[in-house]
Amino acid sequence: MPADASIESRQSPLDALLKAAAMLGPIPAAVVHPCDTLSLQAALEAARSGLIQPILVGSRARILRAAESAALDIRNCRIEDTAHSHAAATRAVELARAGEVAALMKGALHTDELMAEVVDHEHGLRTERRVSHVFALDVPRYPKLLLLTDGALNITPDLLDKRDIIQNAIDLAHAIGIALPQVAILSAVETVNPRIVSTIDAAALCKMRDRGQITGGILEGPLAFDNAVSVTAAAIKGIESPVAGHADILVAPDLMTGNMLAKQMVYLAGASSAGIVLGARVPIALTSRADEVRARVMSCALARLLAHSAVTVLP
């Protein structure tokens, strides 16, 4: 099906992933600072969907008040009482390091506050891979799920950062069943221009894939956005590539571009979204504090699938 065809009816790829994740059974997950109604609702809905066994990490008094205000039943949830949001992030990371939880879920705290604990050199959840964020986007007029990276964590990634960002996204694609993801490395134009650094990075990243420094996907770049998602646009510009018009993964040149592109798809194109952090010891379901329950639950589905994928590759 052409990428720019009108798609009137199709199963949501996010719904399909939710079903696949639920079939695996729930994993213990630390819900970090769930001190508002929305965070608690999302954690409970993810539990009802068979994705997680939530451990609520935060101020017991505030959690109980939030539950009472919305008539939410959290009697079956373990609560790890902490003084404030920063302490909640620290404790959640400790639970992950101890193997008590297999994922983290962001609650009502700033991303920076949580991620500072995750990437702490001594007590965090670092691996050899740089951590990065992926938006999973179900855009109504695109025939498949789009993964967009990185629009949340890495502000101005350099070439080696982008290598890890791409590899993380490819790993996610594999975990959700895309055997050979097609990766479009975005810039403003589709030709290499020494005055536009992102075009040079894109060309180098494609060569890094040729040399085995990035594995598991097909890379093409630089590509302008239209060439990445529209077969027609690519044909008009004479671009011959299996990726052009068929991208599974969009790699933004920087955080601002990725963040704005993701939110434009949600607010102007009607996309449904989920968000996940990769490259740490455990997956982290990470969405905006403005995101609704569905986006948070779908993010837990991605975390569940990633946790399963990580287990299956262990010796």
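Observations
- Every pair of residues 6+ apart whose Cβ atoms lie under 8 Å, when the first sits in the range 186-198 and is closer than 16 Å to V243 by Cβ while the second is surrounded by 13 or more Cβ atoms within 10 Å (Cβ to Cβ) and among the basic types (K, R): E190/K237
- Residues located in the range 243-263, provided they are part of a loop (DSSP other than H, G, I, E, B) and either in contact with a Lys or Arg (Cβ under 7 Å, 6 or more places away or on another chain) or under 20 Å from L172 (Cα atoms) (or both): V243, H246, A247, D248, A252, P253, D254
- From the list I214, I236, the one residue that fits, being of a type outside the set (G, A, S), modelled with pLDDT under 95 and either touching a Phe, Trp or Tyr at 6+ places or on another chain (Cβ under 7 Å) or farther than 17 Å from G151 by Cβ (or both), is I236.
- The residue list T199, T215 contains one member that is at negative phi and more than 20 Å from the chain's Cα centre (by Cα), which is T199.
- Selection status of L24, under 30 Å from A244 (Cα atoms), within 24 Å of the chain's Cα centre (by Cα) and not in a strand (DSSP E or B): no
Yes/no per residue for (1) of a type in the set (A, V, I, L, M, F, W, C); (2) buried (at least 16 other Cβ atoms within 10 Å of the Cβ); (3) within 20 Å of R129 (Cα to Cα); (4) in contact with a Cys (Cβ under 9 Å, 6 or more places away or on another chain):
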{"site": "D164", "(1), (2), (3), (4)": "no, yes, yes, no"}
{"site": "H174", "(1), (2), (3), (4)": "no, yes, yes, no"}
{"site": "Q182", "(1), (2), (3), (4)": "no, yes, no, no"}
{"site": "A202", "(1), (2), (3), (4)": "yes, yes, yes, no"}
{"site": "L205", "(1), (2), (3), (4)": "yes, yes, yes, no"}
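- Residue within the range 221-235 that is buried (at least 21 other Cβ atoms within 10 Å of the Cβ), at negative phi and either of a type in the set (F, W, Y) or under 20 Å from the mean Cα position of the chain (by Cα) (or both) present: yes
The values are calculated or read from the model by the stated rules, or taken from the named source; none is laboratory data. What you are looking at is a predicted structure, and each value in this text was computed from that prediction instead of being measured. Please note: Cβ atoms are built from the backbone with ideal geometry, for glycine as well, and neighbour counts cover all protein chains shown.
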